[in-house]
Amino acid sequence: MPLLRPTTLYLLVIYTILAFQLFERVYIMTNGGGPNNATITIVQLIYSTAFQFGRYGLASAMAVVLFGMALVVAVVQFRSLAVRCRVLGSASRSISSCSSRADFRSSRCTGCS
């Protein structure tokens, strides 16, 4: 199970970011929101604000907020699923801070969880 954690983390972060970017499927199937805008997504709202209503500044601000939301979710996911490694003689740190995978497998990095 410990070897699945990095792969699971990668897939979770990537698919979460892709979920934030959902646009073309909904746009093609419902022609921009469906009945009473029931299927509109954040990205569609940004698109319509910029290209249908011509409010480019507002759409840019919305895109920055969307980026911030995706960044916060990704950081929370990384912190919650990060693999920690206790290095002999120092505080625990992540696997990526070990100088190489060989260090991780050697006696320098022990007690990973």
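Every number in this text was worked out from the coordinates using simple rules, so none of it is lab data. This is a predicted model, so every value here is computed, not measured. Backbone-built Cβ (ideal geometry, glycine too); neighbour counts: all protein chains shown.
Applying the criterion of being closer than 18 Å to residue 22 by Cβ and of a type in the set (Gly, Ala, Ser) to the residues of region 38-66, the residue that is surrounded by the fewest Cβ atoms within 10 Å (Cβ to Cβ) is 38. If you go through region 7-37 and keep only what is touching a helix residue (DSSP H, G or I) at 6+ places or on another chain (Cβ under 8 Å) and either loosely packed, with under 10 Cβ neighbours inside 10 Å or within 22 Å of residue 72 (Cβ to Cβ) (or both), you end up with 8, 9, 12, 13, 16, 17, 20, 21, 22, 23.
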